[in-house]
1. Quick check: anything in the stretch B:49-58 closer than 30 Å to B:Val185 by Cβ, touching a helix residue (DSSP H, G or I) at 6+ places or on another chain (Cβ under 9 Å), modelled with pLDDT of 95 or more and surrounded by fewer than 20 Cβ atoms within 10 Å (Cβ to Cβ)?
2. Report yes if some residue within the stretch A:274-282 is crowded, with 20+ Cβ neighbours inside 10 Å, closer than 21 Å to A:Tyr55 by Cβ, away from chain B (no Cβ under 11 Å) and among the small types (Gly, Ala, Ser); otherwise report no.
3. Which residue, of A:Ala200, A:Ala194, is of a type in the set (Gly, Ala, Ser), open to solvent by 10 Å² or more (accessible area, probe 1.4 Å) and either in contact with a Cys (Cβ under 6 Å, 6 or more places away or on another chain) or away from chain B (no Cβ under 14 Å) (or both)?
4. In the stretch A:325-340, what count of residues is obtained for those that are buried (at least 20 other Cβ atoms within 10 Å of the Cβ) and under 25 Å from A:Phe138 (Cβ atoms)?
5. Find all pairs meeting these conditions: Cβ atoms under 8 angstrom apart; at least six residues apart or on different chains; first residue within the stretch A:342-364 and touching a residue at least 24 places away in the same chain (Cβ under 8 Å) and away from chain B (no Cβ under 14 Å); second residue of a type in the set (D, E, K, R) and in a loop (DSSP other than H, G, I, E, B).
6. Would you tally the residues in the stretch A:218-245 being closer than 18 Å to A:Val27 by Cα and touching a residue at least 40 places away in the same chain (Cβ under 8 Å)?
7. How about the stretch B:112-141: which of its residues are more than 8 Å from every other protein chain (Cβ to nearest Cβ) and open to solvent by 40 Å² or more (accessible area, probe 1.4 Å)?
8. Scanning for something acidic (Asp, Glu), under 24 Å from A:Glu246 (Cα atoms) and open to solvent by less than 10 Å² (accessible area, probe 1.4 Å), does the stretch A:167-189 turn up at least one residue?
Number of protein chains: 2
Amino acid sequence: MSYENVPVIRRATVTPILIADPPLLNVQGVHQPYTPRTIVEIETSDGATGVGETYGDPAFLNLAREFASDVVGQPLTAANVVRWHNVVPGTSEKVRASVASAFEVACLDALGKHVGLPVHALLGGKVRDTVEYSAYLFYKWESHPSADAPADDWGAALDPDGIVKQARRFTDLYGFSSYKLKGGVFPPEEEIAAIRALAAAFPDRPLRLDPNGGWSVETSVRVAESLSGVLEYLEDPTLGVAGMSEVHRRTGVILATNMCVTAFSEIPSAFAASAVQVVLSDHHYWGGLLATRDLAAVCRTYGVGLSMHSNTHLGISLAAMTHVASTVPELLYACDTHRPWQTDDIITTPHTFVDGCLAVSDAPGLGIELDRSQLALLHDRWLHHEPMRSRDDAAAMRLADPSWQSPSLPRW
Amino acid sequence: MSYENVPVIRRATVTPILIADPPLLNVQGVHQPYTPRTIVEIETSDGATGVGETYGDPAFLNLAREFASDVVGQPLTAANVVRWHNVVPGTSEKVRASVASAFEVACLDALGKHVGLPVHALLGGKVRDTVEYSAYLFYKWESHPSADAPADDWGAALDPDGIVKQARRFTDLYGFSSYKLKGGVFPPEEEIAAIRALAAAFPDRPLRLDPNGGWSVETSVRVAESLSGVLEYLEDPTLGVAGMSEVHRRTGVILATNMCVTAFSEIPSAFAASAVQVVLSDHHYWGGLLATRDLAAVCRTYGVGLSMHSNTHLGISLAAMTHVASTVPELLYACDTHRPWQTDDIITTPHTFVDGCLAVSDAPGLGIELDRSQLALLHDRWLHHEPMRSRDDAAAMRLADPSWQSPSLPRW
């Protein structure tokens with residue numbers, strides 16, 4: 001294809017890294033001391049650079065390396081081309097989309113810097129100056145069970161008091177006024193008690209509970225009825241369209257998901273069954289920032305809400321999330337982010353939450369700068385911690401409980 | 001909202017014009033000798049300019065004038081803001097969207113010129129270098145019945161031979177190899193005969209027939225069965241979701257529409273009923289180029305095809321159509337355009353069809369330049385032909401047939 005007026009990608013670099021992660025608990029186990037991410041850098045023929053970030057497990061990393069050689073020589077604007085790139089047969093849709101997203105974000109960053117426009121302006125323009133995020137509360141241990149793991153000063157949170165204390169610290173430090181608890185860790189009654197404690201401590205603040213599909217339909221219905229009027233939404237209480245649909249039908253609770261609907265192909269049947277009322281977008285596995293706008297269009301058309309999912313990530317992805325969220329008028333829920341839990345970052349000026357919000361950058365591109373010394377440090381960590389290169393929450397749990405296996409769901 | 005790095009709109013101008021139109025027949029009557037359009041120009045604080053074009057009837061023109069004062073002071077990138085602008089209560093969704101689209105296109109044109117990028121690059125990047133258009137065949141009279149009307153040299157086309165002759169000229173002049181006949185003018189048997197004549201003259205070329213909802217369900221079924229295997233698709237044979245759905249269910253014919261589904265709010269029920277298999281996008285009344293991408297996303301997700309509708313238009317809109325079409329991977333049908341029928345244009349270098357296609361411009365913005373002398377001429381025409389300021393195909397028909405009334409549909 002011909003492209004005048006647009007720089008060509010001259011170089012693409014993929015760097016695997018490990019970032020430190022606290023011992024955060026979920027239905028599968030516990031976060032490992034380090035979690036892998038893939039950092040993508042591109043450079044154009046006229047010297048503009050752009051960065052992107054995605055999952056770091058081997059399937060993602062290997063495909064990213066293939067992409068890196070494929071995109072050389074392509075025009076910078078070809079977000080569409082990257083997105084629809086006909087890549088390695090056999091890789092899953094989620095892996096392809098997640099890898100493409102890192103290159104798309106890097107292209108948009110570089111294009112924005114090349115022309116002097118913020119990324120949001122390349123997505124149609126922001127409709128708000130700040131994007132609100134929610135506090136992502138986790139049951140957690142005080143420390144990882146391995147001696148050489150990174151430490152944190154958040155302390156343990158294993159009961160309602162611990163969760164309220166954690167929420168208070170999130171609010172004191174960052175001003176969050178919306179709270180999501182990662183559930184599926186303890187029997188549902190304990191998690192109901194934690195939500196009730198949050199509701200008492202933070203009256204009228206939006207509250208969410210996400211057991212990652214850990215409950216049966218009956219348990220989900222029981223929790224939904226017990227917390228009727230207390231939750232802003234219940235996230236993935238149970239797995240699958242049929243179960244989610246039944247929970248909604250029987251209780252009327254608003255159900256959000258990043259498990260029941262994770263790709264465009266899953267939308268029609270789930271929407272038809274009223275299985276989800278809020279889709280949690282994630283620009284990584286939905287395929288990029290343009291794809292996130294596409295998802296928003298589908299949700300808007302079908303009267304389904306939109307919020308934003310987060311996995312463990314760094315400041316590059318947080319910048320990308322903030323840009324795209326700023327352009328979607330109906331994204332009115334506070335977005336999820338794990339960001340405060342990770343003290344590592346690879347941008348020179350990490351984001352600062354004020355009143356639970358991030359300011360939308362008007363600087364060219366994503367408005368961030370890669371911190372090369374940090375990148376080198378975290379890559380070196382990747383080189384020297386081979387067992388951490390695949391995320392495995394069950395393996396991490398076995399350090400504390402040798403008999404632990406990923407539970408078959410529903411667990412309760 | 002704060003906007004650094006982005007120029008602000010300093011001036012917005014709205015100019016009503018009349019463009020000459022041949023006596024093209026449809027189910028409502030005949031095109032008037034002149035048809036109204038609204039031309040939008042914006043200028044930014046740093047002198048970048050952009051143009052857009054939309055419908056010209058008074059409701060559109062008046063709202064465009066309100067928009068023109070509202071957008072002054074807004075940042076150039078605020079395509080979203082323009083699109084979602086909370087405008088004059090009481091105006092219809094279609095009018096609001098159509099007016100917003102002209103401003104959105106003008107903003108994208110100016111932004112592209114400001115930063116040196118083609119509009120398609122502001123929409124995610126083109127995925128093809130050319131966009132194919134189809135020949136838009138019309139039954140037509142040799143001339144308008146009024147003496148002072150503009151003349152054309154296409155001659156009459158009132159039977160199968162005339163339509164084939166017209167199609168041949170389209171192909172000879174522009175290389176079109178896909179043909180759409182505007183039907184609903186003569187009894188269905190005559191139009192079936194015209195399609196059969198086209199199929200004989202142009203074997204294996206895609207053919208379409210569009211009676212604008214002029215037929216009953218029974219007539220539609222009869223035509224669909226009669227032309228089984230001959231048509232690429234049948235466009236709006238009958239009005240409404242129920243009727244379209246029944247025609248598709250009984251015949252299996254692929255149904256396209258620009259009447260049954262014309263706004264996002266109409267999509268869910270129509271898709272659920274399998275009433276349409278191809279949506280004809282129109283960036284004017286769908287609300288702009290970003291909205292067209294949104295429509296494409298919804299269609300892709302639901303497995304519904306996408307093609308492109310045209311109303312009488314000039315080169316500004318043709319440029320906008322070509323840019324957005326170039327960015328949508330699944331827009332694989334030849335797009336409709338009335339363009340060859342209008343000899344007027346208001347761009348300095350009118351588009352040239354080669355092999356039925358237009359090259360996608362890589363020049364900054366839309367890649368066109370407003371011809372100010374032509375704009376002045378066509379505006380002067382608007383000033384001096386007050387009766388033509390509203391499009392009224394039935395009124396035009398009454399000049400030849402004083403008893404003519406817009407038929408109540410279905411006509412057959």
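The values are calculated or read from the model by the stated rules, or taken from the named source; none is laboratory data. None of the values given here were measured: they were computed from a predicted structure. All Cβ positions, glycine included, derive from the backbone under ideal geometry; neighbour counts span all protein chains shown. Calculation scope for accessible area: heavy atoms of the full protein, side chains included, ligands and nucleic acids excluded. Shrake-Rupley method; radii C 1.70, N 1.55, O 1.52, S 1.80 Å.
1. Yes, the stretch B:49-58 contains at least one residue that is closer than 30 Å to B:Val185 by Cβ, touching a helix residue (DSSP H, G or I) at 6+ places or on another chain (Cβ under 9 Å), modelled with pLDDT of 95 or more and surrounded by fewer than 20 Cβ atoms within 10 Å (Cβ to Cβ).
2. Within the stretch A:274-282, one or more residues are crowded, with 20+ Cβ neighbours inside 10 Å, closer than 21 Å to A:Tyr55 by Cβ, away from chain B (no Cβ under 11 Å) and among the small types (Gly, Ala, Ser).
3. Being of a type in the set (Gly, Ala, Ser), open to solvent by 10 Å² or more (accessible area, probe 1.4 Å) and either in contact with a Cys (Cβ under 6 Å, 6 or more places away or on another chain) or away from chain B (no Cβ under 14 Å) (or both) holds for just one of A:Ala200, A:Ala194, which is A:Ala200.
4. The qualifying residues number 9.
5. Here the result reads A:Gln342/A:Asp21; A:Thr343/A:Asp152; A:Asp345/A:Asp371; A:Ile346/A:Asp371; A:Ile347/A:Glu369; A:Ile347/A:Asp371, each pair linking the stretch A:342-364 to a residue that is of a type in the set (D, E, K, R) and in a loop (DSSP other than H, G, I, E, B).
6. The total comes to 4.
7. Once the filter is applied, which keeps residues that are more than 8 Å from every other protein chain (Cβ to nearest Cβ) and open to solvent by 40 Å² or more (accessible area, probe 1.4 Å), the stretch B:112-141 yields B:Lys113, B:His114, B:Thr130, B:Glu132, B:Trp141.
8. no
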